[in-house]
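The values are calculated or read from the model by the stated rules, or taken from the named source; none is laboratory data. Owing to the predicted nature of the structure, the values given are computational and were not obtained by experimental measurement. Don't worry about glycine lacking a Cβ; one is built from the backbone with ideal geometry, like all the others, and counts go over all protein chains shown. Just the protein is used for accessible areas: all its heavy atoms, side chains included, with ligands, DNA and RNA removed. Shrake-Rupley method; radii C 1.70, N 1.55, O 1.52, S 1.80 Å.
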Amino acid sequence: MSSLSSMATPLPYCPISAASEALASDGGHEARAAIFTRSEVVEFILDLAGYTVDQPLHRMRVLEPSFGGGDFLLPLIRRLLAAWRTYEPDGDALSDLADSIRAVELHRETYSSACRAVIELLLREGLRRDTATELADRWLSQGDFLLTTVDGQFDFVVGNPPYVRQELIPAPLLAEYRRRYTTLYDRADLYIPFIERSLSLLSKAGCLSFICADRWMKNRYGGPLRGLVAKHFHLKIYVDMTDTPAFHSDVIAYPAITVISREKPSTTRVAHSPDIDSAYLKALAEKLLVKSLSNDVTSVREVACVANGSEPWLLESPDQMALIRRLEQQFPSLEETGCKVGIGVATGADKAFIGDFATLDVEPDRKVPLVTTRDIMSGEVVWRGQGVINPFKDAGGLVDLHDYPRLRRYLEERRESIAGRHCAKKSPTGWYRTIDRITPSLASRPKLLIPDIKGEAHVVFEDGQLYPHHNLYVVTSDTWDLRALQAVLLSTVTRLFVATYSTKMRGGFLRFQAQYLRRIRIPQWPDVPEALRVELSDAAKKLDVAACNQAVFKLYQLNEEEINAIGGNGK
């Protein structure tokens, strides 16, 4: 292949190619989001895909779209050679195997290192050096999987696609990705278009087996990809890797293994938190792949209708799902009952905008007392005296700093950190705005405050004196009594709703975000009997979660089976 330096006429500058080249040349493991998969998990994923030595693998094609250091590539080569020797003991390696593998890696140095590892493996397996070198050249390519040409279709696509946030992708490259891939929606990470393209390359009855973050299966940005899977593919297997050391380094978001095939949709086989042990995973793969699941198998269950358009994938136990569906059919959503879910203020420069309320040297009407997550750790508000600068008029728009000399002086002293924010650069004349508008009337409203990430619901009543910080979600209501609503939100029923629709974080924590809180179903307030209103409110005031549960079970008229499905008496 000719290098750029050998060409007579330089190619014209292309911002997309330049951005891709920058990613190919730069960055360590962290910058490239390189996460290394444990060998036991790799073998498990290959088993689930059906890439096994009892198959004539040399007559099939496998794709690894981001091979990195070779975590998947080297094991699948070993399997390919073992199968080939069984089926073709007198075969010619180059002619028989040249089209069996295609593998792509963007990072040039990583590509070169893996290429050497492949050649060394082939040499250890007894192939001649010229054959090993030629096969490596045929199998491996350096480039951007989302842009490069990949010929033909594949019976298997396996691997661990890169987990890269959008803000780390150069703008021209991100724009080109968006043009090519319809699933790159909202704040989707890079593994989303990797899955889309990989699915498009599957042959008839072909199978994709990936391990990656599970966020797309439930959150907003995963909607288009879920819709694609529901329309054209079959979610065959899902293995939740919660609390399992699937990688050689810690990850914040939990991974999951998905096996998706180009077949007619059917039930999904589901397993949770397997032991990372070769023998255990081998046996689990057999159970997940068996034609008919026997009743005595407890580590695997079947779930129907998981892929339902772009809706979040609900993979919890059938009895919990039945309860969720019953409540969704019977009751309106939280906001349909007159409640509103929001989030506190983001400033973009907390050190500049937030400080001790009493000593913030601005006009009295230009600061608002602020409540943060640290103020509510006990379950009640214990205000530490923080305040936030308010640069907005009550009617909207920024105040004129000439009308507020103390505010002007305060902001000018901190101009460097405030004006350096993205929102300030976008609108230089409004350089002193907070990212979110501050509406002081919210401070005076009674409200429920909920931190984003928690293991259990942490819902705190605030009587209408403080403005919420960005890490707090806020629930207000013109209809429901907030103390009674607090009892509902503290209950195991709410936790079930959030756990069903939220992605889990490391340590088993859930995201109590607005998009998940809005999924909660409750009765209309006029439909709640007076005695039950009092019971709910009293339980919340005492922060007695067991009493909250008992009252909420009555509110939803849960039967004994439904109560057992969410943890018995909830104590």
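Quick one: in the range 125-134, of everything that is on the phi < 0 side of the Ramachandran plot and without any contact (Cβ under 8 Å) to a residue 40 or more places away in the chain, which residue is surrounded by the most Cβ atoms within 10 Å (Cβ to Cβ)?
So, considering only residues that are on the phi < 0 side of the Ramachandran plot and without any contact (Cβ under 8 Å) to a residue 40 or more places away in the chain, the one surrounded by the most Cβ atoms within 10 Å (Cβ to Cβ) is Ala132.
Do the conditions hold for Asp137, that is, is it touching a Cys at 6+ places or on another chain (Cβ under 9 Å) and surrounded by fewer than 20 Cβ atoms within 10 Å (Cβ to Cβ)?
Judged against the criteria, Asp137 is a match.
So that you can scan it fast, the table gives a plain yes or no per residue for (1) open to solvent by 50 Å² or more (accessible area, probe 1.4 Å); (2) under 27 Å from the mean Cα position of the chain (by Cα); (3) of a type outside the set (A, V, I, L, M, F, W, C):
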site	(1), (2), (3)
Arg38	yes, yes, yes
Val42	no, yes, no
Thr52	no, no, yes
Gly68	no, yes, yes
Phe72	no, yes, no
Arg85	yes, no, yes
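Among (1) at pLDDT 95 or above; (2) more than 36 Å from the chain's Cα centre (by Cα); (3) acidic (Asp, Glu), which single condition is Asp394 missing?
(1)
Among the residues that make up the range 236-258, is at least one of them farther than 24 Å from Tyr163 by Cβ and outside any loop (DSSP other than H, G, I, E, B)?
no
How many of the residues making up the range 195-216 are surrounded by fewer than 24 Cβ atoms within 10 Å (Cβ to Cβ) and in contact with a Leu (Cβ under 8 Å, 6 or more places away or on another chain)?
Selection size over the range 195-216: 5.
Return the pairs, sorted by first residue and then second, in which the second residue is at pLDDT 95 or above and part of a strand (DSSP E or B), the first residue lies in the range 442-467 and is open to solvent by 40 Å² or more (accessible area, probe 1.4 Å) and basic (Lys, Arg), the beta carbons are less than 7 Å apart, and the residues are 6+ apart or on different chains.
From residues that are open to solvent by 40 Å² or more (accessible area, probe 1.4 Å) and basic (Lys, Arg), the pairs are Arg445/Thr476.
Is it the case that Leu94 is more than 36 Å from the chain's Cα centre (by Cα), at pLDDT 95 or above and loosely packed, with under 15 Cβ neighbours inside 10 Å?
Answer is no for this residue.
Here are some conditions: (1) at pLDDT below 95; (2) open to solvent by less than 20 Å² (accessible area, probe 1.4 Å). Gln486 meets all but one. Which one does it not meet?
It is condition (1) that Gln486 fails.
Can you tell me which of Pro172, Pro161 is open to solvent by 30 Å² or more (accessible area, probe 1.4 Å), closer than 30 Å to Asp214 by Cα and touching a Cys at 6+ places or on another chain (Cβ under 9 Å)?
The unique qualifying residue is Pro172.
Out of (1) over 33 Å from the mean Cα position of the chain (by Cα); (2) under 30 Å from Ala540 (Cα atoms), the odd one out for Glu380 is which?
With (1) over 33 Å from the mean Cα position of the chain (by Cα); (2) under 30 Å from Ala540 (Cα atoms) applied to Glu380, the lone miss is (1).
Read through the list (1) charged (D, E, K, R); (2) assigned to a loop (DSSP other than H, G, I, E, B); (3) open to solvent by less than 70 Å² (accessible area, probe 1.4 Å); (4) modelled with pLDDT of 85 or more, then give the number of the only condition that Lys291 fails.
Exception for Lys291: condition (3).
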